[in-house]
Amino acid sequence: MSKKVRVLDVEGLQSLIGELRKRGYTVIGPTVRDGAIVQAQVTSVDDLPRGWGDEQDAAHYRLRERGDDAFFGFASGATSMKSILFPATELIWSGKRDETGAFTVDGATKPEPGPPYALLGVRGCDLKAIEIHDVVLTSRGFKDAHYASRRKGTFIVSATCGEPGGTCFCASLGTGPSPSSGYDLNLTELVGPKSHTFVVGVGSDKGQEVLDAIQAPVASSAEIEASDDVVRNAALTMGRELDTDGLKYLMYANAESPHWDDVAARCLACTNCTLVCPTCFCTSVEDVSDLTGTTASRHRVWDSCFSESFSYIHGGSVRESTRSRYRQWITHKLASWEDQFGMTGCVGCGRCITWCPAAIDITAEAAALRGASTARK
Ligand code: SF4
Ligand code: SF4
């Protein structure tokens, strides 16, 4: 069948989840947990955040009841697919000592090939973040075997963002509100008083094959038009914006700006911004042993350029002050990432703004360096 735009109703969405599970995928999608949207295993539409939206601003996140049945009516959640493909803790190896005193390392360094993941409801910004991690973690000299193993065979069902949050600025970076590539299927949800449907764009042969296995009629021109309206309206209602004109050079030119002292006076160096960021990938290793010294294991854990120990090398920390750590983080995101990986390190999801307890705003700090006030709507 041709790659025509199709349409699914709510039963069709359930069929899609069922078909993916039938094909052996573990479906991961948005769920509600502890008052936030987080990624977790989904076995039916009942696991999705039906009727939930969110309020987001600097240092502010609340779920709110939308008053309708939308499944994807929220902006970026508290976690991204980073928590699935590149989890916060990874066992690197473990070993034990036998009665003779000999220590044997188990073969845990090889990643276990698990069932392939189908990632459901991935926003354009988070899809771009996966693309960035593909470059950072698998395209260079040393491949991250654990990430590559989880990423292998991934099926991606993205979802157009219909209502951006107060801290979103994906439109400034061209990563949303609708993804342009990298998905197998893309859903644009249309919730009306009389109908509830998903206009489905096909991004790959694999996506087409799955869609052909379920009932998915060709979308009408009115439905396609309505889905285009969702994208247009979302692009016009971004909570933040980031002026990207000459941004890399702006960052480099301000390496010694007194503005870093101003940010440092507010920043708690808590690391929240790096932990929620879908593109941050810095890690450390932690060794654990039992009290008798019989077993030991090494774990890779997320780290952050905001922790003093992260830049510790033979005798001292390279970045001792919060000033230097914030400067390092934002300069890497918006400038040196481009030199290192050929793309920007920020996808405009806004999580670092929402989850910063000090309400520090990457768009406002970049605007302050430019000498402009923050554009807030
Ligand atoms: S910028 Fe905000 S979230 Fe990031 S380390 Fe500083 S206080 Fe924490
Ligand atoms: S820097 Fe902030 S806005 Fe950019 S991708 Fe990371 S969390 Fe999202």
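Descriptive notes on the structure:
- Each of LEU247, ALA366, PHE155 was scored by the projection of its Cα onto the charge dipole of the chain, and the greatest displacement toward the positive side belongs to LEU247; charges sit on the C-beta of Lys, Arg, Asp and Glu.
- Taking the chain as a Gaussian network of alpha-carbon nodes connected by springs under 10 Å, the highest mean-square fluctuation of the residues LEU91, LEU185, LEU127 belongs to LEU91.
- Look at the alpha carbon pairs under 8 Å that are at least 6 residues apart: their mean separation over the length of segment 322-373 gives a relative contact order of 19 percent.
- Hypothetical label at ALA213: residues of segment 23-52 whose amide nitrogen lies under 20 Å (7 Å Cα-Cβ projection): 23-29, 41-46
- Charge dipole (the chain, unit charges on Cβ, about Cα centre) - positive-most of GLY201, PRO49, SER15: GLY201
- The dipole here belongs to segment 100-179: it is taken about the Cα centre, uses +1 on the Cβ of Lys and Arg and -1 on the Cβ of Asp and Glu, and is about 180 debye.
- Charged side chains reduced to their Cβ positions (Lys and Arg at +1, Asp and Glu at -1) give segment 22-156 a dipole of some 460 debye around its Cα centre.
- Local electrostatic count at ASP229 - Lys and Arg +1, Asp and Glu -1, tallied over other residues with Cβ under 14 Å: -4
- For the chain, the square roots of the Cα gyration tensor eigenvalues, ordered a ≥ b ≥ c, give a/c of at least 1.5 with a/b no greater than b/c, which places it in the oblate category.
- ³J(HN,Hα), Karplus 6.51/-1.76/1.60, whole Hz, each residue of segment 121-130, x for Gly, Pro: x, 6, 6, x, 5, 6, 5, 5, 5, 5
- Between the residues THR138, GLY77, LEU63, the greatest Cα displacement towards the positive end of the dipole of segment 1-141, with unit charges on the Cβ of Lys, Arg, Asp and Glu, is found for THR138.
- GNM remark for the chain: springs join alpha carbons under 10 Å apart, and the peak mean-square fluctuation among THR295, THR237, THR89 falls on THR295.
- Between ASN233 and GLU286, the modelled labels are 4.5 nm apart [label points 7 Å from Cα along Cα→Cβ].
- Net charge dipole, segment 209-290: roughly 300 debye, given to the nearest 20, about the Cα centre with Cβ charges of +1 for Lys and Arg and -1 for Asp and Glu.
- Mean separation of Cα contacts under 8 Å, 6 or more apart, over the residue count of the chain: relative contact order %: 21
- Highest mean packing first, where packing is the average number of other Cβ atoms within 10 Å per residue, the peptides 340-352, 210-222, 189-201, 311-323 line up as 340-352, 189-201, 210-222, 311-323.
- For segment 1-142, averaging the sequence separation of C-alpha pairs within contact (under 8 Å, six or more residues apart) and dividing by the residue count gives a relative contact order of 21 percent.
Every read-out reported here was derived from the displayed coordinates using simple, explicitly stated rules and does not represent laboratory data. Just so it is clear, the structure is predicted and the values come from calculations on it, not from any experiment. Reconstructed Cβ throughout: ideal geometry from the backbone, glycine too, with neighbour counts over all protein chains shown.
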